[in-house]
Amino acid sequence: MKMSTDTTLAIQTRALTKHYGKSGEIKALQSLNLEIKQGELFGFLGPNGAGKSTTIRTLLGFLHPTSGSASVLGLDVVKDSVEIRRRVGYLPSGFAVYDYMSGREYLDHMRELSGRPSLLRHRIMEALELSDAILKRPVRDYSRGMRQKIGVVQAMETDPELLILDEPSEGLDPLMQRSLQELLLERVALGRTVFFSSHLISEVERICNRVAIVRGGQLVALESVESLVRFRRRRIEALVARKLLRLTASAGISGLKVQAEGKSGFRISCDAEASAIPAFIKRLQSAGLRDLLVEAASLEEAFMSYYGNSTRNSVQMAPEAAALRTSKKRSPTKRTAAKRAVKRPVKKRVAR
Ligand code: ADP
């Protein structure tokens with residue numbers, strides 16, 4: 001059945017499905033339905049391996065859907081991919097450039113391929129602190145962050161009506177991530193559309209108006225950004241002198257564990273909603289607080305605490321996240337290793 005394409009939408013996917021492997025055993029994307037309106041700043045959020053890059057490469061026509069369909073700027077991603085790539089500013093993930101060229105040669109080469117004038121190169125270079133001197137150097141001498149900046153300039157400099165960016169802040173330091181966010185906000189204020197993937201709730205929360213959350217190749221939530229607040233959770237570890245009673249009754253506290261720790265007292269660990277922290281810390285103080293660690297729960301953990309028990313959304317737990325959850329007593333090394341696994345569990349391969 002031929003479905004009509006809504007031309008007011010910047011991106012539309014209809015039951016978009018992509019399987020990899022000889023017999024399609026890797027179900028990277030399963031029946032994804034998304035609609036991104038023109039003028040939106042839309043975040044595509046999910047842990048590594050969720051299917052974000054697969055979606056994005058399909059939108060640019062570098063991969064063909066196993067089933068379902070998608071359109072970008074009203075154009076079909078299979079039939080019209082050349083036109084889509086000409087009109088869309090695209091930053092691939094793990095952005096790699098021709099090493100032998102200088103930054104400037106690379107940018108000029110890409111701009112010529114696009115057939116469009118560079119309108120914003122200096123503006124973006126300035127925002128990302130890229131100097132002319134840096135652009136003269138061969139790309140092989142660049143740090144990862146510098147390469148990523150060149151990628152951002154390449155994607156944005158022709159001021160395209162739609163930007164599709166795969167993990168744009170990867171490799172940038174926090175200050176540069178902020179500058180990039182400002183650039184994106186600026187483009188959207190001028191009527192452009194931005195669709196970008198991220199595994200960082202914080203950046204999506206800061207700039208997007210809507211967000212799609214994917215995991216295991218499936219859409220688990222489509223949210224306005226205000227509703228992301230409930231994912232903002234903290235992990236607390238504390239050492240107290242005396243055992244506290246009725247701790248479990250505290251609102252906004254979950255996964256509480258209390259362990260006797262010899263003469264030092266009791267070690268308490270739990271997850272807390274941000275709003276519950278001040279009252280909880282007061283209770284810990286009343287029990288003789290000796291040591292306290294409060295850290296942001298990872299995206300993985302935040303998802304888990306929200307969707308973990310939900311029957312509404314059948315969320316598959318990523319194996320590395322399951323490992324994180326079941327590792328009972330986390331030694332520092334184990335925990336770091338688990339965190340690393342969450343951050344980069346898959347080595348991406350490029351399929352065309
Ligand atoms: P994300 O961008 O969210 O990290 P990806 O789209 O890269 O996720 O990957 C989704 C799933 O598809 C992962 O399980 C990944 O290992 C698998 N995958 C990605 N690219 C390929 C490929 N070329 N061949 C086989 N499997 C792949």
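Just so it is clear, none of the values below were taken in a lab; they were calculated from the coordinates. Predicted model only: the values in this text are computed from it and were never measured. Note that each Cβ is placed from the backbone with ideal geometry, even for glycine, and that neighbours are counted across all protein chains shown.
Placing a label point 7 Å from the Cα of ARG85 along the Cα-to-Cβ direction, the residues of the range 112-134 with a backbone N closer than 11 Å are 114. Of the residues ALA96, ILE150, LEU16, the one whose Cα sits farthest towards the positive end of the charge dipole of the range 9-229 is LEU16 (charges of +1 on Lys and Arg Cβ, -1 on Asp and Glu Cβ, taken about the Cα centre).
Quick one: which of LYS52/LYS149; LYS22/LYS79; LYS37/LYS149; LYS27/LYS79 span more than 32 angstrom between C-alpha atoms? From the list (LYS52/LYS149; LYS22/LYS79; LYS37/LYS149; LYS27/LYS79), the Cα-Cα distance tops 32 Å for no pair. Set against the 2.2 N^0.38 Å expectation for a compact globular protein, the range 9-229 has a Cα radius of gyration ratio of 0.99. For the range 170-238 versus the range 111-136, the spacing of their alpha-carbon centroids is 25 Å.
About the centre of its Cα atoms, the range 9-229 shows a dipole size close to 480 debye [charges on the beta carbon of Lys, Arg (+1) and Asp, Glu (-1) only; nearest 20 debye]. Taking GluC sites (Glu not before Pro) across the range 1-77, the ones in a DSSP loop with at most 12 further Cβ atoms lying within 10 angstrom of their Cβ are GLU25. The phi-based Karplus calculation (6.51 cos²θ - 1.76 cosθ + 1.60; θ = phi - 60°) puts the 3J(HN,Hα) values of the range 160-171 at x, 5, 9, 10, 10, 10, 9, 6, x, 8, 4, x Hz, whole numbers, x for Gly and Pro.
Projecting the alpha carbon convex hull of the range 27-147 along each direction and taking the average yields 9.0 nm². Overall size of the range 133-269 from C-alpha positions, given as principal axis extents largest first: 63, 37, 28 Å. Taking every Cα-Cα distance in the range 190-235 and sorting them into 10 Å bins from zero, the calculated P(r) comes out as 22, 56, 20, 2 percent.
Annotation: amide H of LEU119 within the under-5 Å range of THR158, ASP159, sequence separation 5 or more or interchain, hydrogens built in the peptide plane.
Converting phi to 3J(HN,Hα) with the Karplus coefficients 6.51, -1.76 and 1.60 and the offset θ = phi - 60°, the range 47-52 yields x, 4, x, 6, x, 5 Hz in sequence order, with x at every glycine or proline. Quote the FRET efficiency, to the nearest 0.05, computed for ALA279 versus GLN259 with a Förster distance R0 of 22 Å and r equal to the Cβ-Cβ distance. Using R0 = 22 Å, I get an efficiency of 0.50.
Exposure proxy ranking for TYR142, TYR106, TYR20, based on other Cβ atoms within 10 angstrom of each Cβ and starting from the fewest, stands as TYR20, TYR142, TYR106.
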